[in-house]
Structures are given as structure tokens and as C-alpha cells.
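Asker: My questions will all concern the structure given below.
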């Protein structure tokens, strides 16, 4: 998948090659035509205009909704139904017609895109107003959930990334409204059961949509909603004092990262031959979204280690009241079992890499390091919950893993010349040091010294990194190995 960043880097390098005589004008022209290097700035301007028109479409939809609400009581019910249906069909039909215009009419295409986005908003308003007119009572999270599914169907049919993002927002809102309303402690409707399994539902909705639209944004959002909803769906802190649920707590805090790191479409077709391809000297094409999944796995561990590095998180008295409210049903295990099976298949494929694992790797954050993090994290949480509390050892080990993860990211950023990895590790390291200084009762002079030291270290490290920055080895498209990650 060719990104705009790659095209910009290729244009810069191709111009240098041409000026230095490595390539001639005809080869440069073929590269320009193949990767559309002359249209980079035009694409950026078009994207900005699209954003403005999308924003205008959203405001237009909100304005229409507000106008209808202002005159709602004065119209008859038949006229209301006709108005709502006509507005929805008219806006979407006009948007679809303009959006399907030839490529030369890009302005009309963007206008149609904005109208389709406004039509998705009108869909939610129609649902709410129709239920009100016909006295169909319900809760808010059900409205957002069905609205999100409707927008998802529109995104699949039109292959629009903006509609996929809007569907993600609506489904995420429905989940949090459902969560904070405490509906998981009450009798569940079919919508409530689906929202409770949001990690599975979102994975089935957004991961195929990401491939259908070829969108990194949708895949990243799908990975985020999977990880968040999986952890909150199990509610591990409510099981903190349940000695029989230590394995479930360990799964909640390790399985999202394990599954994201092992993610690869070829992994679900696991066979002996697929494993042999991993060790083959001939490179094979990796999944286009594997790097994003592995970045999300690293982010998950970074956030997890940072949160539970605070010692007061391991105070059992904080979770006694929550433990009494826990109500675990048998059907809650369905998504857990499915995700465990997928994770096992993925790591069976990665096991062929672990067999030939070298002591010194090109990357410090590799499959072996992630496997160690997963095992240690699972042991810590299960031991603390099921066997014996670890109020001192657990935060110490998590601080140690947080420190090692930050150092590994800094090392990878320096070795491979990737700014995002380097500054991610630096931010994690400085944040952990400052948090420990503020958490424990230390002298103000020591805190001032640590702040100054962190500031000087960040400036010095940044200057050193920028001065010794190496060109990224992944600047040109290559067949990525399974160990590849951003």
C-alpha cells in the first residue's frame, strides 16, 4: 500500500538521483507517472477541501435537524413522516448522484461527499423523531447502536472512509452510554447483549471495512475499540478480589496486545507450509495493516504498564464494592473463547520465528520481547488475584517493564531513524520518571532536580537524534518480514 509519505520521500530521492546522474529523465518521468508524483500537492489541497466540505455537510445536517425541531409541533404527523422520508431520500440521492460524477468534476464529487455525510446524520434524526411520533420508547444507547449500524451499511455500500469513522463514533458512544448507565447489571435485551460483546461486534464490522475501503484509519479505530471494549467488557477490576477469576483478569490485560501483535490474515490460515514461509529466505508480502496492529499492541502495553505502575492501584480495598456488583453470565465467554483461539493460531505461526530467534535482533521490541511481556503480565495479575496479593512486587515489576519498553523504543528509534518510535520511547520514559517523583513523598529540591534533569535530557537526546538521523530503512516499499513493525 503506497502512502503519501512514501511518495514524497520517493520524489525527493528521485530528484537527487536525477541531479546526480544516477537516472535519466525518461526513468524519472516513468517513476513520476507510476506513483503520480506531480499530483502530491494537488492531492493535499483536495483533501483539505474535502474536509471543509465534510464539515459543511455536518453543519448543514445539524441546521436541517434544528429547523425541523423548531417547527415540529406545528405540523401534522403525516406531513412529518413525508418530510423526514423525503429529506433523507433527497439528500442521499443528491449526494450519491454528485459523488458519482466523473473524476474531472472533483468539486461536485466533494459536494456529494458532504451531502452523503449529512444524510448519515439525518438518518439518526429520523430514527429519533419517528420513534417519538409513534410512541416507541427506548433507551439512548439503543438509538446510537442502530444508527451506527445503519451508517456502517452506508459505509460498506459506498466505500467511504468518512462514513466508517462516523459509524465508529456512534457505536463507541452507544457503548459508553450503555456502560455508564449500568445496564450490564440489569436484564439484557438483544441490543444490550450485542453491545456487551462490542469487542467482537466491532471487530466483525470495522476490520473487513478497513480492507474494503483500504483505510489505515478505520483499521486503527477498529483495533482501538476492540482493545478497549474487550478489557471493559470483562471488567477485571470487579474480579480483583475473586480468587477463582485470576485467569480472567490475566486474559483481560494481555490478550488484546497478544492478538494485535500476532495479527496477520495469513495467520488464520495456519498450516505447516505457512510456517515454513516465515523461515524462508525469500521475503513474502506482509499484511498491509500488520504494522498498525503491532503499534497498537505496543501502545496497549505502554498504557497498561504506566497505569498499574502506581502502587495505589494494588490496594484491594478499592475494589471490594465493585466486586459485589459483578454479574457474570455464561454467554459472556463466547467472545473470550473466540479471541483466545485466534490468538493461539497467530502465535503458533509466530512460534516458527521464536525457534530461530537470535540473541541480538535488529529491533529491541520484537516478538520475543512481546512474548516475555505477555507472560510476565499474565503471571503478575493472576498471582495477585488468585494466590497472594503483590502490593510491592507488582508495581516494581510493572515499573521495570515500563522502563525496559521505553528504552527499547528509544534504541529502535535511534537504530532505524524513526522519529515516532524515538519520541514515543522518550515520552514514556520521562512520563514514568515524573510520575514516580510525584507519586512518592519526595523533597521539593529532589523534584526540581529531576524536572531539570528530564528537560535537559530530552533536549540533548532530541538534538543528538536529529543530528545523527539515519534514513529510514523502510522509506521505499519492500516485502516486509513478519518481524516488521512501525
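Nothing in this text is a laboratory measurement; each read-out follows from the coordinates by a stated rule. None of the values given here were measured: they were computed from a predicted structure. Backbone-built Cβ (ideal geometry, glycine too); neighbour counts: all protein chains shown.
Asker: Among 253-265, 379-391, 448-460, what's the highest-first ranking by average C-beta atoms within 10 angstrom per residue?
Answerer: Numbers: 253-265: 23.5, 379-391: 17.0, 448-460: 12.6.
Ranking the peptides 253-265, 379-391, 448-460 by packing returns 253-265, 379-391, 448-460.
Asker: Place a point 7 Å from the Cα of residue 181 along the Cα-to-Cβ direction; which residues of the range 110-127 have their backbone N under 19 Å from it?
Answerer: 124-127
Asker: Given 0.36 nm per residue, what is the gain on full extension from residue 18 to residue 437 after removing their alpha carbon distance, in nm? Mind showing how you got there, number by number?
Answerer: Values: separation 419, 0.36 × 419 = 150.84 nm, distance 5.40 nm.
Roughly 145.4 nm would be gained on extension.
Asker: Pop the C-beta distance of residue 193 and residue 411 into the FRET formula with R0 = 56 Å and round what comes out to the nearest 0.05. Before the final figure, lay out the partial values.
Answerer: Values: r = 46 Å, r/R0 = 0.82.
For R0 = 56 Å, the calculated efficiency reads 0.75.
Asker: Given R₀ = 35 Å, what would the calculated FRET efficiency be for residue 307 paired with residue 351, taking r from the Cβ atoms and rounding to 0.05? Before the final figure, lay out each step's value.
Answerer: Values: r = 30 Å, r/R0 = 0.86.
Approximately 0.70, to the nearest 0.05.
Asker: Another one. Run the quick spin-label model on residue 457 and residue 244: label points 7 Å from Cα toward the beta carbon, then report their separation in nm to one decimal.
Answerer: 4.7 nm
Asker: So, one more: Using R₀ = 45 Å, calculate the FRET efficiency as 1/(1 + (r/R₀)^6) where r is the Cβ-Cβ separation of residue 376 and residue 55; round to 0.05.
Answerer: Numbers: r = 46 Å, r/R0 = 1.02.
So, using R0 = 45 Å, E works out to roughly 0.45.
Asker: Please give, to one decimal in nm, the separation of the simple spin-label points placed at residue 62 and residue 404, each 7 Å out from Cα toward the Cβ.
Answerer: The modelled label-to-label distance comes out at 4.8 nm.
Asker: Using a simple spin-label model with points 7 Å from Cα along the Cα→Cβ vector, what separation in nm is obtained for residue 77 and residue 131?
Answerer: The two pseudo-label positions are separated by 1.8 nm.
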